[in-house]
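The values are calculated or read from the model by the stated rules, or taken from the named source; none is laboratory data. From a predicted model like this one, the values you see are computed outputs, not experimental measurements. Positions of Cβ are backbone-derived with ideal geometry, glycine not excepted, and every protein chain shown enters the neighbour counts.
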């Protein structure tokens, strides 16, 4: 089994550096920091680091480490939850002695000496728990902090167990993780509580969105609008799901204008959207994907592509 190779590599190396993707979500943070916590609990003499830029909204889950370049020389590097090499947070990921990729997104970039990709699971955190179950007989241990981190990632990537990727195994893993002593109420508050400025912008979006006859909707958040509501481009990620409960919507796209590009966030209730994302320098899941464009004219092209797949989509 591929997990045997990963277990052997973790046991072999004294220094392990764990990466994840830029603009992290709870699954990225949870899988990265959760794996770090498992290794620390299992092998206290190893040096284990989690690297990448800090995401203030997720600092309640974990803090990142500062690692000098020389630490990579004899290190095992593990990248969690990242399909595209260009989206790996901290591009020193290829400087280690060995590289492992663990992910649940479509395998866009074939990087890594060992690649464990399973698109059928709900989250990379689910994979990390699978790894732990296979590794228990090799001295691996799971503590309450690791359980909290893995549970956070599963909750985040399943939309609180509402998304179709949620399986029987997902529920079983979650049921086992909640037997550990961590505060689930505080965890949910950390993931889902929003500040008043985000709430006001959410209301503005709901007042002004338009739904096409095809079932497609698009939202454009310009720099001026973000400034008016005191919302940063990073914080705007909390708004993407706001249209998901509206009857008649098949798929939608958010455009978030930044200083140097326009971020594209695609979501769907049926039509496959990651093919569109791949066309515009991005990727992701069939029902949730991201990309980037440079002009509003390109944004119009994304809308046209999304309109076409909504028109032709049927359950």
Among the residues of region 230-246, what is the count of those that are closer than 12 Å to residue 257 by Cα, in contact (Cβ under 8 Å) with a residue 12 or more places away in the chain and surrounded by fewer than 19 Cβ atoms within 10 Å (Cβ to Cβ)? 2
Examine region 277-294 for a residue that is assigned to a helix (DSSP H, G or I), farther than 24 Å from residue 213 by Cβ, outside the structural domain of residue 123 (by TED's automatic domain parsing) and touching a residue at least 12 places away in the same chain (Cβ under 8 Å), and state whether such a residue exists. yes
Verdict on residue 253 being within 20 Å of residue 55 (Cβ to Cβ), under 22 Å from the mean Cα position of the chain (by Cα) and buried (at least 18 other Cβ atoms within 10 Å of the Cβ): no
Of the residues in region 133-160, those that are part of a loop (DSSP other than H, G, I, E, B) and out of contact with any helix residue (DSSP H, G or I) (no Cβ under 7 Å at 6 or more places or on another chain) come to 159, 160
Quick one: in region 88-127, which of the residues that are more than 15 Å from residue 284 (Cα to Cα) and part of a strand (DSSP E or B) is farthest from the chain's Cα centre (by Cα)? 98
Within the set of pairs 6+ apart or on separate chains, which have a first residue in region 54-66 that is in the same structural domain as residue 32 (by TED's automatic domain parsing) and within 19 Å of residue 148 (Cβ to Cβ), a second that is in a loop (DSSP other than H, G, I, E, B) and modelled with pLDDT under 95, and C-beta atoms under 6 Å apart? 55/24; 64/54
Tell me yes or no: at least one residue of region 204-221 is outside any loop (DSSP other than H, G, I, E, B), under 21 Å from residue 60 (Cα atoms) and outside the structural domain of residue 25 (by TED's automatic domain parsing). no
Tell me, please, whether a residue that is at pLDDT 95 or above, over 15 Å from the mean Cα position of the chain (by Cα), in the same structural domain as residue 17 (by TED's automatic domain parsing) and within 25 Å of residue 14 (Cα to Cα) can be found in region 79-87. no
Failed criterion for residue 130 (all others in (1) outside any helix (DSSP H, G or I); (2) modelled with pLDDT of 95 or more; (3) under 18 Å from residue 27 (Cα atoms); (4) in contact with a helix residue (DSSP H, G or I) (Cβ under 8 Å, 6 or more places away or on another chain) hold): (1)
Across region 67-87, what is the number of residues that are part of a loop (DSSP other than H, G, I, E, B), without any contact (Cβ under 8 Å) to a residue 60 or more places away in the chain and surrounded by fewer than 16 Cβ atoms within 10 Å (Cβ to Cβ)? 2
Across region 37-51, what is the total count of residues that are surrounded by 20 or more Cβ atoms within 10 Å (Cβ to Cβ) and more than 12 Å from residue 76 (Cβ to Cβ)? 5
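Matching residues to (1) under 19 Å from the mean Cα position of the chain (by Cα); (2) closer than 17 Å to residue 83 by Cα; (3) surrounded by 15 or more Cβ atoms within 10 Å (Cβ to Cβ):
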| site | (1), (2), (3) |
| --- | --- |
| 265 | yes, yes, yes |
| 281 | yes, yes, yes |
| 289 | yes, yes, yes |
| 298 | no, no, yes |
| 308 | no, no, no |
| 313 | no, no, yes |
Could you tell me which of the residues 211, 206, 226 is surrounded by 17 or more Cβ atoms within 10 Å (Cβ to Cβ) and in contact (Cβ under 8 Å) with a residue 12 or more places away in the chain? 226
Hey, residue 201 hits all of (1) crowded, with 20+ Cβ neighbours inside 10 Å; (2) touching a helix residue (DSSP H, G or I) at 6+ places or on another chain (Cβ under 7 Å); (3) within 27 Å of residue 104 (Cβ to Cβ) but one; which does it fall short on? (3)
Does region 298-314 hold any residues that are free of Cβ contacts under 8 Å to residues at least 24 places away in the same chain and under 12 Å from residue 275 (Cβ atoms), and which are they? 308
Would you confirm whether or not region 127-143 contains a residue that is surrounded by 15 or more Cβ atoms within 10 Å (Cβ to Cβ) and over 23 Å from residue 40 (Cα atoms)? no
Matching residues, region 24-53, being in contact (Cβ under 8 Å) with a residue 12 or more places away in the chain and out of contact with any helix residue (DSSP H, G or I) (no Cβ under 7 Å at 6 or more places or on another chain): 28, 32, 36, 42, 43, 45, 47, 49, 51, 52, 53
